[in-house]
Amino acid sequence: MTPRREIFAAALLSIAFLLLILGIWHVATLPKVEAAGAADEYAKLMGKGAKKSDGFPAPSQLASAIAKHIADPFYDKGPNDKGIGIQLAHSLSRVGLGFLLAIIVAVPLGFLIGMSPLFRRALDPFIQVLKPISPLAWMPIALYTIKDSSISGIFVIFICSVWPMLINTAYGVASVRREWLNVARTLEVTPLRKAFLVILPAAAPTILTGMRISMGIAWLVIVAAEMLVGGTGIGYFVWNEWNNLNLTNVIFAILVIGIVGMALDLIIGRLQRLVTYAE
Amino acid sequence: MPFLQVQDLKRTFPAAGGGTTTVFEGVNFSIERGEFVCIIGHSGCGKTTILNVLAGLDTASGGLAIMDEHEIGGPSLERGVVFQGHALMPWLSVASNIAFAVRSRWPDWPRSKVRQHCQQFIDMVGLSGAEDKKPAALSGGMKQRVGIARAFAIQPKMLLLDEPFGALDALTRGTIQDELVRVVQATHQTVFMITHDVDEAILLADKILLMSNGPNAVIAEIVENTLPRARTRHDMHHDPQFYRIRNHLVDFLVTRSKQFQTGELERPAEPLTVRPGVDAEAHRSIPDAAPAPRAAANH
């Protein structure tokens with residue numbers, strides 16, 4: 001255990017770093033006064049000479065934007081103006097569905113590959129070729145065949161989350177200790193009971209590691225996918241605010257993406273700790 | 001017909017660079033119901049392979065093993081196995097590890113009956129109070145006790161123990177040996193056990209199988225334990241007979257076990273049954289059977 005004092009000191013240091021970053025940011029975005037020459041009148045006419053920022057939002061502007069978004073996260077004023085809560089809900093539901101679909105496919109298939117060397121050899125070339133493909137490269141094919149941008153997004157999440165889960169499940173299943181399987185054999189355990197009561201718990205920590213990697217990738221990919229297909233979601237929100245030249249909202253969205261990503265990782269990390277066993 | 005009959009058992013493995021290596025061949029022995037049999041031999045003679053064939057986890061290349069008038073063709077709940085490395089499932093508690101076996105044996109039992117049955121065997125090996133602990137929280141000796149309880153809990157017709165105390169320190173080993181003696185005597189369990197420990201074999205076994213060195217190992221001798229069955233770890237070494245048996249076993253392991261390979265001794269078609277210190281013949285094979293001073297004083 002880390003001593004209490006050290007935790008406290010680390011927290012203090014974190015806050016100090018935050019204040020430092022905010023301080024530099026604040027100073028860098030202070031309005032600058034441009035040198036006004038003799039032609040004062042002309043300069044004023046051109047909008048020069050007055051205090052003017054270079055357009056990059058100051059921390060204070062971000063703070064008020066955060067306050068505004070949090071005060072009303074679920075408003076809906078037409079397709080181009082929805083609350084951050086609604087956008088997040090769209091993104092999370094796409095990630096959730098795609099991820100769930102990936103679990104349904106990857107875990108049983110991983111079991112098969114992990115248990116049968118024949119299937120492992122037969123499917124390995126496919127996995128090796130399909131794994132390194134950027135999930136966004138599938139987008140045109142998805143859009144053409146599915147003809148629905150939202151479902152295409154789900155498909156892209158599915159295709160990017162499926163590989164780490166599949167590979168980790170296969171590895172976890174293949175490396176279940178021989179002696180546990182021998183115990184099951186001497187007890188004449190039925191194949192189904194063996195799969196659920198011996199192999200699954202034995203491989204669960206490895207499977208969850210795969211899920212954690214998948215979730216990380218899925219959350220990275222959803223932003224890019226939604227920028228591409230548009231309509232709804234946090235990725236679309238970022239792109240829309242960029243088109244509106246509202247950098248304050250863009251920075252706010254970046255912050256939200258980071259925090260939600262962290263929360264998703266924490267949730268799976270908690271689940272992982274639940275199934276991890278000490279030998 | 002004896003309870004377990006092993007006939008002409010042989011196991012070969014593919015050798016590096018083609019051909020085959022015969023680990024053991026012509027292995028013949030039998031075990032009566034309620035008998036405790038130990039097998040001793042150097043590493044590589046195929047003791048564990050024989051046990052795995054009896055467990056049904058391995059298939060012999062030749063010969064057969066018949067238990068209770070049925071040929072052994074695969075794993076069965078009729079034979080309980082205690083594995084060398086305890087083989088407990090680390091994600092299950094002590095009670096759940098045993099319950100897993102009990103539910104496999106009697107799938108129709110209600111929850112309460114399973115729990116009651118498990119508790120009986122947890123108590124038997126002296127683990128009351130540790131039911132909810134995970135194996136990682138147990139010492140090596142306690143883990144092995146769980147392994148023993150799990151094997152006993154399915155009430156098999158025969159128990160197979162693969163060097164169950166090999167990884168334990170001497171003190172723990174002693175207490176668990178005592179417990180095993182007690183439990184086996186109470187349940188009249190038929191046991192086949194691998195060990196490297198000569199004293200352990202004399203304490204536990206009614207019959208000790210001596211294996212020559214591999215490859216091409218055979219069971220060279222069957223030593224009958226002539227010590228009274230009520231022996232204990234604390235008093236058996238006061239019996240001069242203990243040293244006659246012990247010297248016979250040690251002599252075998254040190255010298256005779258390798259002489260079958262060099263040709264100095266001829267491989268017997270059937271293992272020789274000997275009763276050291278009782279048969280005149282056995283005396284002949286022991287050059288120096290001088291017992292330790294204390295045992296001599298007892299004489």
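Taken together, the values in this text are just the output of simple stated rules run on the coordinates, not laboratory data. Treat the numbers as computed from the prediction; the structure is a model and nothing was measured. When we count neighbours, we look across all protein chains shown, and the Cβ atoms used for this are built from the backbone with ideal geometry, even at glycine.
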Cβ neighbours within 10 Å from other chains - mean over B:67-77
2
Loop-only GluC sites (Glu not before Pro) in the range B:1-101, please: DSSP not H, G, I, E or B, and at most 11 other Cβ atoms within 10 Å.
B:Glu69
Other residues with Cβ under 13 Å from the Cβ of A:Ala204 give, with Lys and Arg +1 and Asp and Glu -1, a net charge of +2
Tilt, helix B:170-187 to longest principal axis of chain B (alpha-carbon atoms), in degrees rounded to tens, equals 80
What helices does chain A hold that run 20 Å or longer along their axis, going by alpha-carbon atoms, with a Kyte-Doolittle average of -0.5 or more, using DSSP H for the helix calls?
A:4-28, A:84-115, A:149-174, A:200-229, A:247-275
Neighbour-count ranking [beta-carbon atoms within 10 angstrom, fewest first] of B:Ser93, A:Ser60:
A:Ser60, B:Ser93
Charged-residue dipole, Cβ positions (Lys, Arg, Asp, Glu), the range B:79-155 about Cα centre, Debye nearest 20
140
Picking from A:Ala63, B:Ile194, A:Leu18, whose Cα lies most toward the positive end of the charge dipole for the protein assembly as shown (charges on Cβ: Lys, Arg +1; Asp, Glu -1)?
A:Ala63
Using +1 at the C-beta of Lys and Arg and -1 at the C-beta of Asp and Glu, which of A:Ala9, A:Ser134, A:Ala203 has the Cα lying farthest in the positive direction of the dipole of chain A?
A:Ala203
Centroid-to-centroid separation of the range A:59-129 and the range B:178-239 [C-alpha atoms, Å]
63
Treating only Lys and Arg (+1) and Asp and Glu (-1) as charged, each at its beta carbon, one finds that the range A:84-279 has a dipole about its Cα centre, in Debye to the nearest 20, of 600
Could you size up the charge dipole of the protein assembly as shown around its Cα centre, putting +1 on the beta carbon of Lys and Arg and -1 on that of Asp and Glu, and report it in debye to the nearest 20?
1480
Among B:179-186, A:261-268, what's the highest-first ranking by average C-beta atoms within 10 angstrom per residue?
B:179-186, A:261-268
Shielding of B:85-95 by partners, i.e. mean partner chain Cβ atoms within 10 Å per residue?
5
Helix-only [θ] at 222 nm, chain B, -39500 (n - 2.57) per DSSP H run of 4+, per residue, nearest 500, equals -10000 deg cm²/dmol
Could you line up A:Leu187, A:Leu200 from fewest to most neighbouring Cβ atoms inside 10 Å?
A:Leu200, A:Leu187
Violating pairs (Cα-Cα greater than 26 angstrom) within the set B:Lys113/B:Lys157; B:Lys113/B:Lys207; B:Lys157/B:Lys258; B:Lys113/B:Lys133:
B:Lys113/B:Lys207; B:Lys157/B:Lys258
Nearest 0.05, what FRET efficiency do A:Arg4 and A:Glu279 give at R0 = 22 Å with Cβ-Cβ as r?
0.10
Cross-link partners of B:Lys134 among aspartates and glutamates (Cα-Cα below 19 Å; sequence separation of 8 or more within a chain)
A:Glu179, A:Glu279, B:Asp123
Looking at chain A, identify the longest residue range that excludes and avoids all trypsin sites (Lys or Arg not before Pro) in DSSP loops having at most 11 other Cβ atoms within 10 Å.
A:148-279
Take every Cα pair under 8 Å in chain B that's 6+ residues apart, average their separations, divide by the length, and report that relative contact order as a whole percent.
22
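Sequence gap at least 6, Cα distance under 8 Å: using those rules, report the relative contact order of the range B:79-155 to the nearest whole percent.
That works out to 50 percent.
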Average Cα contact separation per residue, chain A, under 8 Å, 6 or more apart, as relative contact order %:
19
As straight-line cross-link partners of A:Lys147, the qualifying aspartates and glutamates (C-alpha separation under 19 Å, not fewer than 8 residues apart within one chain) are A:Glu226
When you look at the Cβ of every residue in B:126-136, what mean number of other chain Cβ atoms sits within 10 Å?
1
For the range B:79-155, with the dipole built from +1 on Lys and Arg beta-carbon atoms and -1 on Asp and Glu ones, taken about the Cα centre, which of B:Gly85, B:Ser128, B:Ala95 lies farthest toward the positive end?
B:Gly85
